[in-house]
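Notes for the one structure printed next.
The values are calculated or read from the model by the stated rules, or taken from the named source; none is laboratory data. Note that the coordinates shown come from a computational prediction; the quantities given were computed from them, not determined experimentally. Here the Cβ is made from the backbone with ideal geometry for all residues, glycine too, and neighbour counts use every protein chain on show. Just the protein is used for accessible areas: all its heavy atoms, side chains included, with ligands, DNA and RNA removed. Shrake-Rupley method; radii C 1.70, N 1.55, O 1.52, S 1.80 Å.
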Amino acid sequence: MGAHLEAAKLYYSAIEYYQGSDKDRLIRFYEPYAYECYLTNRIREAIIYQGRALKILKEKDDKEKTGNCLRFLSRLWWFDGNRKNAEKYAGEAIEVLEEQPSSKAKAMAFSIWRS
């Protein structure tokens, strides 16, 4: 747990002090920070930063990464106790990925879907 807390602190420091506008770099900060927050039971913080990553990924129109981001947001909302949002994001992940080729992200999204 200590290593994940330290990793979260480092990612947050990188986010806080980054002054550039490179959206790819921001995604490389936001997504791992959100994951470390998830691992350290800071679910609300994880939702915020995964949401920020999602906004950038949608702008970039990267279907696979967008779908995977939506899938992870679904998991985060589930752990936050919000079934409605969890199902909403799971459904969006499926919509984004269903016409894409087979991939790990697609398999993971379909594994959580409840129709």
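Assorted remarks:
- Restricted to the range 46-68, and to residues there that are open to solvent by less than 50 Å² (accessible area, probe 1.4 Å) and closer than 23 Å to LEU5 by Cβ, the residue that is nearest to the chain's Cα centre (by Cα) is GLN50.
Matching residues to (1) within 20 Å of ARG28 (Cβ to Cβ); (2) at pLDDT below 95:
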| position | (1), (2) |
| --- | --- |
| ALA53 | yes, no |
| ASP62 | yes, yes |
| LEU73 | yes, no |
| GLN100 | no, yes |
| ALA109 | no, yes |
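- Count of residues meeting criterion [open to solvent by 10 Å² or more (accessible area, probe 1.4 Å) and assigned to a helix (DSSP H, G or I)] in the range 32-45: 8
- Sub-8 Å Cβ pairs linking a first residue in the range 41-55 that is within 16 Å of ASN68 (Cα to Cα) to a second residue that is assigned to a helix (DSSP H, G or I) and acidic (Asp, Glu), at least 6 apart or interchain, are TYR49/GLU31; GLN50/GLU31; ALA53/GLU31, ordered by first then second residue.
- Here the range 95-112 is the region considered, the condition is being open to solvent by less than 100 Å² (accessible area, probe 1.4 Å) and not aliphatic (A, V, I, L, M), and the residue that is nearest to the chain's Cα centre (by Cα) is LYS106.
- Top-ranked residue in the range 75-94 [being over 21 Å from GLU36 (Cα atoms) and charged (D, E, K, R); ranked as most open to solvent (accessible area, probe 1.4 Å)]: LYS84
- For the range 1-48, a residue qualifies if it is in contact with a helix residue (DSSP H, G or I) (Cβ under 7 Å, 6 or more places away or on another chain) and among the small types (Gly, Ala, Ser), and the qualifying residues are ALA7, ALA8, ALA14, ALA34, ALA46.
- Extreme residue, most open to solvent (accessible area, probe 1.4 Å), among residues of the range 4-21 that are part of a helix (DSSP H, G or I) and either touching a Lys or Arg at 6+ places or on another chain (Cβ under 6 Å) or of a type in the set (Gly, Ala, Ser) (or both): SER13
- Taken together, the residues in the range 92-111 that are outside any helix (DSSP H, G or I) and farther than 16 Å from LYS58 by Cβ amount to 5.
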